[in-house]
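The values are calculated or read from the model by the stated rules, or taken from the named source; none is laboratory data. Note that the structure is a prediction, hence the values are computed from the model and not measured. Cβ sites come from the backbone with ideal geometry, for glycine too, and all protein chains shown count toward neighbours.
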Amino acid sequence: MGYKAYPWMELTNNVYVNTSGTLKRINQGYSSGLLLDDSGNITFQVAGTGNADTTVSFANAVTVANSGNVGMGRRIRGKHWML
């Protein structure tokens, strides 16, 4: 059996991946995540509350770039996001 290597690591709370590859809630409530990407950036992710087995859609709340700059509410690839 083979495996697939991904260029990031993600730690999530109240989330599972179904057989279609969709992020779903385990239980009713909020979901959150921590993403470590292959560029050395750290992103804190949040999702609103929902019922069990509903789709999770994360928003990037805070990103810490590998340079130490901190961005809030925007994707790291966007311009003018750093504080």
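What's the total number of residues in the stretch 68-83 that are over 11 Å from I42 (Cα atoms) and at pLDDT 55 or above?
Keep residues of the stretch 68-83 that are over 11 Å from I42 (Cα atoms), which gives 72-75, 77-83.
Add one more test, that the residue is at pLDDT 55 or above, and what stays is 72-73.
Residues meeting the conditions: 2.
Tally the residues that are in a strand (DSSP E or B) and on the phi < 0 side of the Ramachandran plot, restricting the search to the stretch 13-36. Lay out the reasoning, then the answer.
Taking the stretch 13-36 first, the residues in a strand (DSSP E or B) are 13, 15-17, 23-25, 29-36.
Cutting the leftovers down to on the phi < 0 side of the Ramachandran plot gives us 13, 15-17, 23-25, 30-36.
Summing the residues that are in a strand (DSSP E or B) and on the phi < 0 side of the Ramachandran plot in the stretch 13-36 gives 14.
Are any residues in the stretch 51-71 part of a strand (DSSP E or B) and farther than 13 Å from N14 by Cβ, and if so, which ones? Break it down stepwise before answering.
Within the stretch 51-71, the first condition is being part of a strand (DSSP E or B), and the residues that meet it are 55, 59-64, 70-71.
Within the stretch 51-71, A59, N60, A61, V62, T63, V64, V70, G71 qualify.
Among the listed residues V15, V46, identify the single one that is over 20 Å from G68 (Cα atoms), among the β-branched types (V, I, T) and surrounded by 17 or more Cβ atoms within 10 Å (Cβ to Cβ). Can you show your working first?
Numbers: V46 fails: surrounded by 17 or more Cβ atoms within 10 Å (Cβ to Cβ).
Step by step, each of V15, V46 is checked, and only V15 is over 20 Å from G68 (Cα atoms), among the β-branched types (V, I, T) and surrounded by 17 or more Cβ atoms within 10 Å (Cβ to Cβ).
I'm checking my understanding of the structure. Among residues of the stretch 1-12 that are exposed (fewer than 13 other Cβ atoms within 10 Å of the Cβ) and assigned to a strand (DSSP E or B), which one is modelled with the highest pLDDT?
Of all residues in the stretch 1-12, those exposed (fewer than 13 other Cβ atoms within 10 Å of the Cβ) come to 1-9, 11.
Narrowing the set further to residues that are assigned to a strand (DSSP E or B) leaves 9, 11.
Numbers: M9: 91, L11: 94.
Among those residues, the one meeting the criterion is L11.
Which is within 16 Å of V70 (Cβ to Cβ) and surrounded by fewer than 13 Cβ atoms within 10 Å (Cβ to Cβ), of S20, S39? Let's see the steps before the verdict.
Working: S20 fails: within 16 Å of V70 (Cβ to Cβ).
Result of the check over S20, S39: S39.
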